[in-house]
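Below is one structure. I have some questions about it.
The values are calculated or read from the model by the stated rules, or taken from the named source; none is laboratory data. Computed from a prediction, not measured in an experiment: that's the story for all the values here. So basically every Cβ, Gly included, is an ideal-geometry build from the backbone, and we count neighbours across all protein chains shown.
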Amino acid sequence: MRWVVHADDGGAGRLAPLAEAEGEAEGDRGGVAAGDGVARAGAAAAFGVGEVRRVADLCSAIRELEAREGPRWIWADTAKIYPDLLRAGVRVARCHDVVLVDEILAAREGLFGAPRTLGAAYARLHDLPVPDVGRLGAATEAAGAEGPLQEALFEPDDTGLPAEVDPLSALIEVYQAQLTVLDSAAAPALRLLAAAESAGALAAAEMTHAGLPLDPRLHAENLTELLGPQPAYGGPATRPAKLQDLAERLGEAIGSPTLNPDSPAQVLKALSLAGLPAATTRAWELRRMEHPAVPLLLEYKELSRLYTANGWSWLRAWVRGGRFRPEYVVGGVVTGRWASRGGGALQLPAMVRKAVVSDPGWTFVVADAGQLEPRVLAAISGDRGLARAAQAEDLYTELGDVFGGDRSKAKLGLLGAMYGQTSGEVGLLLATLRRRFPAAIGYVDEAAKAGVEGRIVHTRLGRACPPPSARWNRLVSGSEGESRADQVRNSRGRFTRNFVVQGSAAEWALALIATLRGKLAGHSSELVFFLHDEVVLHCPQDEAEQVREAVTASAAEASRLVFGTTPVRFPLHLATVRCYADAK
DNA sequence: TTCCGTTGCGCG
DNA sequence: AAAGCGCGCAACGGAA
């Protein structure tokens, strides 16, 4: 069963059932495994729209229908509607996110950067100019002292539709058109991608709702220990004591007492005056130098980073009630990876993870996919040799014999192949890899060639990379010289080379998330963090074992869904820990 | 004052 | 300057 939904303001809304088309067995709607979230979107045959129901309390209506029918919900934008449902205590199993799917389909037509709105999807369908609403929709304003403001229930969202178009009708129309495309034989896996992306959107909202447990007192203690007491709030900008002290000692040591270490330009000048010429002030370059000022500078940079990125202001802005609640942007990266907004969620440094502690009686299950990208390369390229190595727990060790038992060479070479590194020693390793694993290296080489030539590449499930920009075309045609043209050509080659691997890996992770949230439905345990190839679950201690099994099963299911039958294994590293920092 | 490109570093 | 991908964020510093 499917219901199409549009939220009006004030908590009201409209719903309509979509009748199954002739010959469409309700049975296969469930697809993979009923309720697991990766079930296929409905078949494309024309459907009938049942009677439109107008309700004053949309949350309640959805709650009841979910309990009674467990339908797939067809709505414009999960990120806009689902948080309010979650706050009302309503969870749903399955949805079809029309704007996310539209973004995927638009990308396949070479269209990027349109706003994520129903209006944009509608405009595309009707060859109308795309309305210019915020690219990422209504962003939550970060967080001054008051923190994010609670918005009214179902804010009248700016759909960007022409005034005369009824949003519910537009939704149905766009959805119908999407099903037609998804059902075309060209890329059957697109249906899976659409379902997984939609399930991901549900998981993202649920994770934001749950939040990552983080003990603010513990984090503040850690800050004080490293930086000194918190500087007075509101006064003149002052560094924490230990940071200030370090800055002063550094100034002395380098012979520029007034040096501001936060200014790369000043640091460069001071280094030069101290007889330490450097091109940049990057840490790796500094580390090569022998000078008493260098360790001070490196220490300053590290602590300063902690202070500015995850210091007391970060804590005030992003941690509420013992939970860190970042906003995830599903498909926010061109490759299909998620991005995040606010609080630097996907860069949570090790120091902060020390304060990520489970509730009393609860624990974390942390699962990360080891060596995901080389395994994905083995799977998508069908390279038999690499696939054989990818059956092992440690792929790089298995590959070591290719390089005289040197695991690190295997790792360097393979990463270089996926990123397009050609310089130095890695270039030589690559030649060896190409000989031993011609299909795998050939696969990424071909993707790179396509990129250099301005062509499009696709991920395993059919997500398209962006076409060359106008600027790229201009530069490639030699407007700034042949070497510049080569440079931008090769740069795009590295991008497309990596796109096919990173993007397909993102699809595996998405399928895992989608499957896993299905398995966890009805349990206390919940997903609280997702980081590209790693998930964190917060669960009652006595559910931990069950959760570990659920993650393991989900990883296997993700492999099957995305890659079909492949000899490649995708082993998980599992850790059951009270503190995130202990998951190694 | 505000805007914006650059720099550098955190994560995968 | 080197030449390995994708991000978000904060600070700097020059331009508007």
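What pairs come out if I take residues in region A:499-516 that are among the charged types (D, E, K, R) and pair them with residues that are outside any helix (DSSP H, G or I) whose C-beta lies under 7 Å away, six or more apart or interchain?
A:Glu507/A:Gly336; A:Glu507/A:Thr459; A:Glu507/A:Arg460; A:Glu507/A:Leu461
If only one of A:Gly503, A:Gly522, A:Gly493 is out of contact with any helix residue (DSSP H, G or I) (no Cβ under 8 Å at 6 or more places or on another chain) and within 16 Å of DNA strand C (Cβ to nearest atom), which one is it?
A:Gly503
Please work out which residue is modelled with the highest pLDDT, limiting yourself to region A:158-187 and to residues that are part of a loop (DSSP other than H, G, I, E, B) and surrounded by 20 or more Cβ atoms within 10 Å (Cβ to Cβ).
A:Leu161
Considering only region A:548-584, state which residues are assigned to a helix (DSSP H, G or I), touching a strand residue (DSSP E or B) at 6+ places or on another chain (Cβ under 8 Å) and polar (S, T, N, Q).
The answer is A:Thr552, and nothing else.
I would also like to ask the following. Which members of region A:307-336 meet the condition of being near DNA strand C (Cβ under 7 Å from one of its atoms) and either within 14 Å of the chain's Cα centre (by Cα) or within 11 Å of A:Pro216 (Cα to Cα) (or both)?
A:Trp314, A:Val329, A:Gly332, A:Val333, A:Val334, A:Thr335
With (1) within 16 Å of DNA strand C (Cβ to nearest atom); (2) touching a helix residue (DSSP H, G or I) at 6+ places or on another chain (Cβ under 9 Å) as the list, and A:Ala367 as the residue in question, which single condition is left unmet?
Among (1) within 16 Å of DNA strand C (Cβ to nearest atom); (2) touching a helix residue (DSSP H, G or I) at 6+ places or on another chain (Cβ under 9 Å), A:Ala367 violates only (1).
What's the total number of residues in region A:376-410 that are more than 24 Å from the chain's Cα centre (by Cα), assigned to a helix (DSSP H, G or I) and either basic (Lys, Arg) or more than 16 Å from DNA strand B (Cβ to nearest atom) (or both)?
The qualifying residues number 17.
Related question: Looking at A:Leu223, A:Leu243, A:Leu250, A:Leu227, which is the one that is surrounded by 18 or more Cβ atoms within 10 Å (Cβ to Cβ), in contact with a Lys or Arg (Cβ under 6 Å, 6 or more places away or on another chain) and not small (Gly, Ala, Ser)?
Criteria check complete, one pass: A:Leu227.
Give the residue that is modelled with the lowest pLDDT, with candidates limited to residues of region A:381-417 that are within 16 Å of DNA strand C (Cβ to nearest atom) and in contact with a Lys or Arg (Cβ under 7 Å, 6 or more places away or on another chain).
Across region A:381-417, the extreme among qualifying residues is A:Phe403.
Considering only residues that are away from DNA strand C (no atom under 14 Å from the Cβ) and surrounded by fewer than 15 Cβ atoms within 10 Å (Cβ to Cβ), which ones fall in region A:275-288?
Matches in region A:275-288: A:Gly275, A:Arg287.
Right, next: Can you tell me how many residues within region A:390-425 are at negative phi, surrounded by fewer than 19 Cβ atoms within 10 Å (Cβ to Cβ) and not polar (S, T, N, Q)?
Of the residues in that region, 11 qualify.
Quick test of your reading of the structure: A:His538 fulfils all but one of (1) farther than 20 Å from A:Asp383 by Cβ; (2) surrounded by fewer than 19 Cβ atoms within 10 Å (Cβ to Cβ); (3) in contact (Cβ under 8 Å) with a residue 40 or more places away in the chain. Name the failing condition by number.
A:His538 satisfies all of (1) farther than 20 Å from A:Asp383 by Cβ; (2) surrounded by fewer than 19 Cβ atoms within 10 Å (Cβ to Cβ); (3) in contact (Cβ under 8 Å) with a residue 40 or more places away in the chain except (2).
Taking only region A:65-84 into account, find how many residues are part of a helix (DSSP H, G or I), under 21 Å from A:Tyr122 (Cα atoms) and of a type outside the set (Ser, Thr, Tyr).
So the answer is 3.
Within region A:348-357, identify whether any single residue is within 16 Å of DNA strand C (Cβ to nearest atom), modelled with pLDDT of 95 or more, closer than 23 Å to A:Glu534 by Cα and in contact with a Ser or Thr (Cβ under 6 Å, 6 or more places away or on another chain), and answer yes or no.
No, that holds for no residue.
A follow-up question, please. When you go through A:Ser272, A:Ser304 one by one, which is the residue that is surrounded by fewer than 17 Cβ atoms within 10 Å (Cβ to Cβ) and farther than 15 Å from A:Phe529 by Cα?
After ruling out the rest, the residue left standing is A:Ser272.
Residues are listed down the side, and each one gets a yes or a no for (1) at pLDDT 95 or above; (2) charged (D, E, K, R); (3) within 22 Å of the chain's Cα centre (by Cα):
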{"position": "A:Ser483", "(1), (2), (3)": "no, no, no"}
{"position": "A:Ala514", "(1), (2), (3)": "yes, no, yes"}
{"position": "A:Leu520", "(1), (2), (3)": "yes, no, yes"}
{"position": "A:Val535", "(1), (2), (3)": "yes, no, yes"}
{"position": "A:Asp542", "(1), (2), (3)": "yes, yes, no"}
{"position": "A:Ala553", "(1), (2), (3)": "yes, no, yes"}
{"position": "A:His573", "(1), (2), (3)": "yes, no, yes"}
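Please pick out the residue among A:Ala470, A:Ala389, A:Ala417, A:Ala439 that is in contact with a Leu (Cβ under 9 Å, 6 or more places away or on another chain) and without any contact (Cβ under 8 Å) to a residue 12 or more places away in the chain.
Going through A:Ala470, A:Ala389, A:Ala417, A:Ala439 in turn, the sole match is A:Ala389.
Hey, another quick one. Would you confirm, using the coordinates I've provided, whether A:Pro213 is more than 11 Å from DNA strand C (Cβ to nearest atom) and either farther than 30 Å from A:Ser525 by Cβ or touching a strand residue (DSSP E or B) at 6+ places or on another chain (Cβ under 8 Å) (or both)?
For A:Pro213, the condition - more than 11 Å from DNA strand C (Cβ to nearest atom) and either farther than 30 Å from A:Ser525 by Cβ or touching a strand residue (DSSP E or B) at 6+ places or on another chain (Cβ under 8 Å) (or both) - is met.
Also, quick follow-up: Could you tell me whether A:Leu218 is in contact (Cβ under 8 Å) with a residue 60 or more places away in the chain, over 18 Å from the mean Cα position of the chain (by Cα) and part of a helix (DSSP H, G or I)?
So A:Leu218 passes the test.
While we're here: Residue by residue through region A:295-340, note down the ones that are within 26 Å of A:Ala511 (Cβ to Cβ) and either away from DNA strand B (no atom under 13 Å from the Cβ) or among the β-branched types (Val, Ile, Thr) (or both).
A:Phe324, A:Arg325, A:Glu327, A:Tyr328, A:Val329, A:Val330, A:Gly331, A:Val333, A:Val334, A:Thr335
Going through region A:449-469 one residue at a time, which ones are of a type in the set (A, V, I, L, M, F, W, C) and more than 10 Å from DNA strand C (Cβ to nearest atom)?
Passing the criteria: A:Ala450, A:Val452, A:Ile456, A:Val457, A:Leu461, A:Ala464.
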